[in-house]
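The next block holds one structure in the form of structure tokens; read it before the comments.
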Amino acid sequence: MKISAQEEYGLRCLVQLAQISENESLTLPQIAEREGISVANAGKLMWLLNKAGFVQATRGTKGGYTLARPASEIKLNEVIKVLDADEINAHCDSYKGVLDSCVHKGDCGIRPVLVGLHEIVQNALSQITLAQLVGTEAKVDERFHRIQGLKQPTIISYQ
């Protein structure tokens with residue numbers, strides 16, 4: 001599964017909101033600056049997230065964005081679904097070569113594997129909440145591996 005830039009930045013914007021206290025909010029310029037994206041891009045993401053009910057916007061001098069519900073109630077699979085169309089259904093259309101449709105459209109041994117992998121990823125994302133993404137990379141990594149029962153890899157620092 002490939003995470004799109006829209007999914008990545010949308011999740012990052014939500015994490016920013018999950019990190020602030022209950023009585024705080026963040027403006028579009030603050031969100032954009034914290035994530036290193038343009039205000040226009042932040043605006044598009046927040047519009048999508050607001051429309052989907054993940055965030056709420058308050059107008060005025062004390063306005064800004066807050067989470068519409070607790071971070072512990074927001075599952076990652078819900079967010080990903082909103083931020084990008086489900087590409088698994090369009091997968092075969094991407095590999096049709098010079099033809100109008102894939103030559104294996106009627107019987108394909110690859111499609112069940114891709115659909116199965118997609119289901120595994122969706123299931124994993126449905127078990128992770130936005131609240132579990134808040135914290136240091138090491139803490140989040142530890143939490144994630146505890147949830148999944150996976151062996152914890154060595155974290156590589158990119159700094």
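List of remarks:
- Taking other C-beta atoms within 10 Å as the exposure proxy, L14, L67, L114 rank L114, L67, L14 from fewest upward.
- Each principal axis of the Cα cloud of the range 9-86 was taken in turn, and the coordinate range along them, longest first, works out to 37, 26, 19 Å.
- Filter on K81/K105; K105/K139; K2/K62; K81/K139 - keep pairs with C-alpha separation over 32 Å: K105/K139; K2/K62
Read-outs throughout are calculated quantities, based only on the coordinates presented, and are distinct from any laboratory measurement. Remember, it's a predicted structure, so these values are computed and weren't measured experimentally. Positions of Cβ are generated from backbone atoms using ideal geometry, with glycine treated the same way; all protein chains shown enter the neighbour counts.
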